[in-house]
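For reference, the structure discussed in these notes is given below.
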Amino acid sequence: MKIKILLFVAIGFFAYSCNSSKEENKEPQKYESAATENVDMIARGEYLVNTSGCHHCHSPKIMTDRGPALDPDKLLSGYPADEVLGDYDQETAKQFILFNMDLTAAIGPWGTSFAGNLTPDDTGIGTWTEAQFINALRKGKLKGLEGSRGLLPPMPWEDIAMMTDEDLKSIFAYLNTLKPVENIVPAPIPPQGAGQ
């Protein structure tokens, strides 16, 4: 009798163990917290900013013996408000695009444009909504506002507009993690003779 009971218990335990191991061998369901998803989104945004050339125009540079290097204190803060553009040949600017030394200002037939402040300061994108940011890059509108002027060259918004909504949301999430830099970028300057 004892052997039968022990055998019955052993078979039951073996059956339970087999079923348990099947459960354990199932791939566990992945439950990501909102914080994990946010970290992934920010990392994706950083990757997109760094590989899409945003720093080329939006980050002021420090001149080194190897050429311009990103100014770590002013990353993505746009054309420095205290910088004065040097003299340039007006006739050349009608046929070529000219850049200042750190690439934050461009001069061409459209006039002079200045790279915007992309940091989360109020002088940058600090007051923007995600929808405004996406609208700015989808439609090329200043501050993403309907009825505002168009973004000026050399801003490649037409290329960026082809990114997915998820990409643009990731970029916006990343930009909002940057150190805010107070920097009021000047308004564009129309071409010489425009409106005269």
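The values are calculated or read from the model by the stated rules, or taken from the named source; none is laboratory data. This structure is a prediction, so every number in the text was calculated from the model and none was measured. We place every Cβ from the backbone using ideal geometry, glycine too, and count neighbours over all the protein chains shown.
Residue check: THR92 meets all listed conditions (1) free of Cβ contacts under 8 Å to residues at least 12 places away in the same chain; (2) part of a loop (DSSP other than H, G, I, E, B) but one, namely (2). Within region 119-129, the residues that satisfy the criterion of being within 14 Å of the chain's Cα centre (by Cα) and surrounded by 15 or more Cβ atoms within 10 Å (Cβ to Cβ) are THR119, PRO120, GLY124, ILE125, TRP128.
Look at GLY124 and say whether it is modelled with pLDDT of 95 or more, in contact with a helix residue (DSSP H, G or I) (Cβ under 9 Å, 6 or more places away or on another chain) and of a type outside the set (S, T, N, Q). Please lay out each step first, then the result.
Values: modelled with pLDDT of 95 or more: yes; in contact with a helix residue (DSSP H, G or I) (Cβ under 9 Å, 6 or more places away or on another chain): yes; of a type outside the set (S, T, N, Q): yes.
So GLY124 passes the test.
Restricting PRO68, PRO72 to those that are out of contact with any strand residue (DSSP E or B) (no Cβ under 7 Å at 6 or more places or on another chain) and not hydroxyl-bearing (Ser, Thr, Tyr) reduces the list to PRO72.
Listed here are the residues, each with its yes/no results for (1) in contact with a strand residue (DSSP E or B) (Cβ under 8 Å, 6 or more places away or on another chain); (2) at pLDDT 95 or above; (3) farther than 17 Å from CYS54 by Cβ.
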site	(1), (2), (3)
ASP159	no, yes, no
LEU168	no, yes, no
ILE171	no, yes, no
LEU175	no, yes, no
LEU178	no, yes, no
ILE184	no, yes, yes
PRO188	yes, yes, yes
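As a summary of the residue check, PHE133 satisfies the conditions (1) surrounded by 18 or more Cβ atoms within 10 Å (Cβ to Cβ); (2) free of Cβ contacts under 8 Å to residues at least 24 places away in the same chain; (3) in a helix (DSSP H, G or I); (4) of a type in the set (A, V, I, L, M, F, W, C) except for the one numbered (2). Kindly indicate whether THR64 is at pLDDT 95 or above and polar (S, T, N, Q). Spelling it out, it is not the case that THR64 is at pLDDT 95 or above and polar (S, T, N, Q). How about region 140-196: which of its residues are hydrophobic (A, V, I, L, M, F, W, C), under 15 Å from the mean Cα position of the chain (by Cα) and in a loop (DSSP other than H, G, I, E, B)? Result: MET155, ALA161, MET162, MET163, LEU178.
Which of the residues spanning region 45-97 are of a type in the set (Val, Ile, Thr) and touching an Asp or Glu at 6+ places or on another chain (Cβ under 7 Å)? Break it down stepwise before answering.
Here is the first cut: in region 45-97, the ones of a type in the set (Val, Ile, Thr) are 49, 51, 62, 64, 84, 92, 97.
The one that is of a type in the set (Val, Ile, Thr) and touching an Asp or Glu at 6+ places or on another chain (Cβ under 7 Å): ILE62.
Just a yes or no: is a residue in region 87-110 touching a helix residue (DSSP H, G or I) at 6+ places or on another chain (Cβ under 7 Å), over 30 Å from ARG66 (Cβ atoms) and surrounded by fewer than 16 Cβ atoms within 10 Å (Cβ to Cβ)? Looking for residues that are touching a helix residue (DSSP H, G or I) at 6+ places or on another chain (Cβ under 7 Å), over 30 Å from ARG66 (Cβ atoms) and surrounded by fewer than 16 Cβ atoms within 10 Å (Cβ to Cβ), one finds none in region 87-110, hence no. The condition (being of a type in the set (Lys, Arg) and farther than 27 Å from LEU98 by Cβ) is satisfied by just one residue among ARG138, ARG149: ARG138.
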